[in-house]
Amino acid sequence: QQKVQQSPESLSVPEGGMASLNCTSSDRNFQYFWWYRQHSGEGPKALMSIFSDGDKKEGRFTAHLNKASLHVSLHIRDSQPSDSALYFCAARDTGNYKYVFGAGTRLKVIA
Amino acid sequence: EAAVTQSPRNKVAVTGGKVTLSCNQTNNHNNMYWYRQDTGHGLRLIHYSYGAGSTEKGDIPDGYKASRPSQENFSLILELATPSQTSVYFCASGDREEQYFGPGTRLTVL
């Protein structure tokens, strides 16, 4: 079983709608979390990080972390066709710089 | 902007052959990583490095070797390539905050 699990596997939302992506860790040593976005044919790029409980907002993107439940989410408001991509959740513990990625959520924004 | 380059971008190899994938970064990051990406598995860590001369095993190191001869360069070596190693390989460099990925190498082992 993967240490970082993402849901759903795929998601379609209308342009202007809200997309919600979820990530759950099975390792309590993971303290730091990132969301990465990968467009087709490119390498992943970091969207945002979240290290503390609560919400972190950057433009249209809001991440939420609950360390007690090992759950992190990403919410994209006013979704745009350019947001269509594969989104990865990544986690790291405090002891090293080794990252674990989830299997990804494929988001499609329908114009 | 942070820059990570990979070569080759595409490679076709024969079973049993030796394959070397190269990665160069101009970010002056100490940490570098090799991942493979397969549908349903996301990104899986093969090897990583904390600096020149160091290599560490990731989660799926079997069948792969790594070499970090300098701060800028990190290579992934498949001594005896097998069809199960057909995949897209990504190199990344990183600091405490995030990783910067290269464009990927598509490897096909026939």
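The values are calculated or read from the model by the stated rules, or taken from the named source; none is laboratory data. If you're wondering where the values come from, they're calculated on a predicted model, not measured in any experiment. As a convention, Cβ positions derive from the backbone with ideal geometry for all residues, glycine included, and neighbour counts pool all protein chains shown. For accessibility, only protein heavy atoms count, side chains too; no ligands or nucleic acids. Shrake-Rupley method; radii C 1.70, N 1.55, O 1.52, S 1.80 Å.
Set side by side, the residues B:22, B:70 differ, and just one is open to solvent by less than 50 Å² (accessible area, probe 1.4 Å), more than 9 Å from every other protein chain (Cβ to nearest Cβ) and in a strand (DSSP E or B), which is B:22. Among the residues making up region A:1-36, those that are modelled with pLDDT of 95 or more and either in contact with a Lys or Arg (Cβ under 6 Å, 6 or more places away or on another chain) or at positive phi (or both) are A:10, A:12, A:16, A:18. Among the residues of this structure, residue B:59 counts as one that is in contact with a Leu (Cβ under 9 Å, 6 or more places away or on another chain), acidic (Asp, Glu) and open to solvent by 20 Å² or more (accessible area, probe 1.4 Å).
I'm checking my understanding of the structure. Among residues of region B:32-45 that are in a strand (DSSP E or B) and either touching a Pro at 6+ places or on another chain (Cβ under 8 Å) or open to solvent by 20 Å² or more (accessible area, probe 1.4 Å) (or both), which one is nearest to the other protein chains (Cβ to nearest Cβ)?
Taking the candidates together, the pick is B:43.
Conditions tested, residue by residue: (1) more than 13 Å from every other protein chain (Cβ to nearest Cβ); (2) in contact (Cβ under 8 Å) with a residue 60 or more places away in the chain; (3) touching an Asp or Glu at 6+ places or on another chain (Cβ under 8 Å).
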| residue | (1), (2), (3) |
| --- | --- |
| A:25 | yes, yes, no |
| A:35 | no, no, no |
| A:63 | yes, no, yes |
| A:67 | yes, no, yes |
| A:84 | yes, no, no |
| A:87 | no, yes, no |
| A:90 | no, yes, no |
| A:101 | no, yes, no |
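Against the criterion of being within 14 Å of chain A (Cβ to nearest Cβ), open to solvent by less than 40 Å² (accessible area, probe 1.4 Å) and touching a residue at least 40 places away in the same chain (Cβ under 8 Å), residue B:48 does not qualify.
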